[in-house]
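**Student:** This is the structure I want to talk about, given as structure tokens.
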Amino acid sequence: MRRLFLIFLLMVSACSHMASTSHSDLEIPLGSTFDVNGRYLLGMGDRLEVNVVGRTDLSGVYTISPSGVINHPAASIKAIGLSLSTLKMFLEAKLGKYVKSPKVSLNIVDFVSLKYSIDGEVRNPGIYPVFRQSLSLAEAIAQAGGMSPYSKKKIYLTRMSDERSEIYEFNYEQLIMDARNPIYVERGDFIFIK
């Protein structure tokens, strides 16, 4: 745990932005989990069920590879960062070479990439799933068993956005008091409780 805290301190010192005002005054950028319309964006390891109407040979369950690709018999398609509707459109276009007017349905079987990490003064540090789009920071802390009795109730949220990491500092009481403006957890967020 001491090593993780030291790594965290190094991240803080290297960070280009540190915010410690009331979180309702902050513009916390979206991460890579949802687009501006709230649609889930696919991530590495997510498993998709592809159904091509009338073509069981082109239907099946596919996993997004570490390189961000699904390897479908019709084509390998870069799927990471796409919404289901966009992937469906690309897949139908590729299938159009082999099937007349293909009809495709996609379902997410497993949200493998949708996880966040929490460490520090919580009862159960670890890696947890973001089990719904609106998982708040307070709920994420509760999912990890809540803060330990030794906590100073300081929360540090590290989020990747536009290829750089930003760290935001919150006071737990502030977070709870301003429940009308929750901070939502996204894929890859790192939460550290001091």
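**Student:** By a straight-distance test (C-alpha under 24 Å), which lysines pair with LYS78 as possible cross-link partners, with residues fewer than eight away in the same chain excluded?
**Tutor:** Counting by Cα, and skipping residues close in sequence, LYS78 has these lysines nearby: LYS88, LYS94, LYS97, LYS100, LYS103, LYS115.
**Student:** Just to verify a number: FRET efficiency for ASN124 and ASN37, C-beta to C-beta distance, R0 = 41 Å, to 0.05?
**Tutor:** The formula returns an efficiency of 0.75 here.
**Student:** So, one more: Provide the packing ranking of 73-82, 90-99, i.e. peptides ordered by the mean count of other C-beta atoms within 10 Å per residue, highest first.
**Tutor:** 73-82, 90-99
**Student:** A further question on this structure: Go ahead and run the numbers for FRET between SER134 and SER101, Cβ-Cβ distance against an R0 of 45 Å, rounding to 0.05.
**Tutor:** According to the calculation, E is roughly 0.75.
**Student:** Moving on. Multiplying the sequence separation of ASP178 and ASP110 by 0.36 nm and subtracting their Cα-Cα distance, what value in nm do you get?
**Tutor:** 21.2 nm
**Student:** Could you work out how far apart the two model spin labels at ARG164 and ALA75 are, taking each label as a point 7 Å from the Cα in the direction of the beta carbon, and quote it in nm?
**Tutor:** Distance between the two pseudo-spin positions: 3.5 nm.
**Student:** Would you calculate the convex hull of the Cα atoms in the range 147-194 and tell me its volume per residue in Å³?
**Tutor:** 78 Å³
**Student:** Further question on the same structure: Mind giving me the nanometre distance, one decimal, between the label points for SER67 and VAL53, set 7 Å out from Cα along Cα→Cβ?
**Tutor:** 3.3 nm
**Student:** Enter the Cα centre distance for the pair the range 155-182 and the range 34-75, rounded to the nearest angstrom.
**Tutor:** Using only Cα atoms, the two centres lie 31 Å from each other.
**Student:** Quick check on packing: order 166-176, 35-45 by the mean number of other C-beta atoms within 10 Å, highest mean leading.
**Tutor:** Top of the packing list down: 166-176, 35-45.
**Student:** Over the range 141-194, average the accessible area per residue using a 1.4 Å probe and give it in Å², no decimals.
**Tutor:** Accessible surface, normalised per residue, equals 53 Å².
**Student:** Which whole-Hz couplings ³J(HN,Hα) result when phi for each residue of the range 165-182 is put into the Karplus expression 6.51 cos²θ - 1.76 cosθ + 1.60, θ = phi - 60°, listed in order with x for Gly and Pro?
**Tutor:** 9, 10, 10, 10, 10, 10, 9, 4, 4, 4, 4, 6, 5, 9, 5, 6, 10, x
The values are calculated or read from the model by the stated rules, or taken from the named source; none is laboratory data. Just so it is clear, the model here is predicted, and its values are computed rather than measured. Backbone-built Cβ (ideal geometry, glycine too); neighbour counts: all protein chains shown. In case anyone asks, the SASA skips ligands and DNA or RNA and just uses the protein heavy atoms, side chains included. Shrake-Rupley method; radii C 1.70, N 1.55, O 1.52, S 1.80 Å.
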